[in-house]
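For reference, the structure is listed below as structure tokens.
The values are calculated or read from the model by the stated rules, or taken from the named source; none is laboratory data. Keep in mind the model is a prediction, meaning the values are calculated, not measured. As a convention, Cβ positions derive from the backbone with ideal geometry for all residues, glycine included, and neighbour counts pool all protein chains shown. Only protein heavy atoms, including side chains, enter the accessible area calculation; ligands, DNA and RNA are left aside. Shrake-Rupley method; radii C 1.70, N 1.55, O 1.52, S 1.80 Å.
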Amino acid sequence: MIRLGLRLPGRLSFLVALALCQFGFSSSTLAGPVLNAPAGLGVGDRFRIVFVTEGSMSSSSSSIADYDAFVTAQADGATYEGRVVRWQVIGSTSTVNAIDHIGSAPISGVYLVNGTRITGSTTASGLWSGSLLSSINQSLNPGTERREAVFTGTGANGLADGALGSASVRSGSTARSDSLWVRDSLFPSSRALAFYGISEVLTVPDPSAVPEPGTFAAALLGLAVAVPAISRRRQKV
């Protein structure tokens, strides 16, 4: 255990210890990509981030949870405002339709990690309208463009079509922004392809709100160092 060699008042010691614990937790969760709110959104606006995985896997499983776990692992612990983001696959199995799986909560838009707007919603008139504003062709590493087939098991309307877990599974194309982004070719489920992942609903924070734990911890640590120095200076006077 690291000893600071400082004698602090009881309450301040407790706050510093708490802050250091928070700081350590925050540091560990910030190992992956750090996501930012797209430009042009205001405080309180809600949005989602979409990406294509850099890794690939087969589509032989009929459990949607397996694909959620895969895109989550591919997100590599990505965080937003100091918190690890939850992810879902954009895909359908024989028992789960993609449009229901990712939901249709009101949002300002769906974006790539570089801020490119894909669509205004995850509803039938947005993501599932058959026409996107831009193709989903980036991983969570900004500037990494990917042009490839992506397993979806889904039709343009968000319903299962060549579902994940079938012998032949529907794929989309990262090169397309029409209905073929999600419903293009069929591939054997044994083949390994990329997948689309979409984040939970994220909210643009109020900059005047309480700082996130890492910032709070750093401030208290600075206070812990400053207090003894001030005390020693007073003793010399």
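Some values worked out for this structure:
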item: Number of positions in region 135-146 that are modelled with pLDDT of 95 or more and either open to solvent by 30 Å² or more (accessible area, probe 1.4 Å) or of a type in the set (Val, Ile, Thr) (or both); result: 1
item: Looking only at region 149-158, and only at residues there that are in contact (Cβ under 8 Å) with a residue 60 or more places away in the chain and assigned to a strand (DSSP E or B), the one that is surrounded by the fewest Cβ atoms within 10 Å (Cβ to Cβ); result: Val150
item: Condition broken by Asp161, with the remaining ones in (1) more than 25 Å from Val85 (Cβ to Cβ); (2) touching a Leu at 6+ places or on another chain (Cβ under 8 Å); (3) open to solvent by 20 Å² or more (accessible area, probe 1.4 Å); (4) modelled with pLDDT of 95 or more satisfied; result: (2)
item: Filter result (part of a strand (DSSP E or B) and either more than 19 Å from Val52 (Cα to Cα) or open to solvent by 30 Å² or more (accessible area, probe 1.4 Å) (or both)) within region 94-127; result: Arg117
item: Filtered residues of region 166-199 (kept if closer than 24 Å to Ser104 by Cα, open to solvent by 10 Å² or more (accessible area, probe 1.4 Å), touching a strand residue (DSSP E or B) at 6+ places or on another chain (Cβ under 8 Å) and not aliphatic (A, V, I, L, M)); result: Arg170, Ser173, Ser177, Asp178, Ser179, Arg183, Asp184
item: Filter result for Asp66 (under 30 Å from Ala167 (Cβ atoms), of a type in the set (D, E, K, R) and surrounded by 14 or more Cβ atoms within 10 Å (Cβ to Cβ)); result: yes
item: Region 69-90 - residue that is outside any helix (DSSP H, G or I) and among the aliphatic types (A, V, I, L, M) and, of those, nearest to Leu127 (Cα to Cα); result: Ile90
item: Failed condition for Gly44, given (1) surrounded by 14 or more Cβ atoms within 10 Å (Cβ to Cβ); (2) in contact with a strand residue (DSSP E or B) (Cβ under 9 Å, 6 or more places away or on another chain); result: (1)
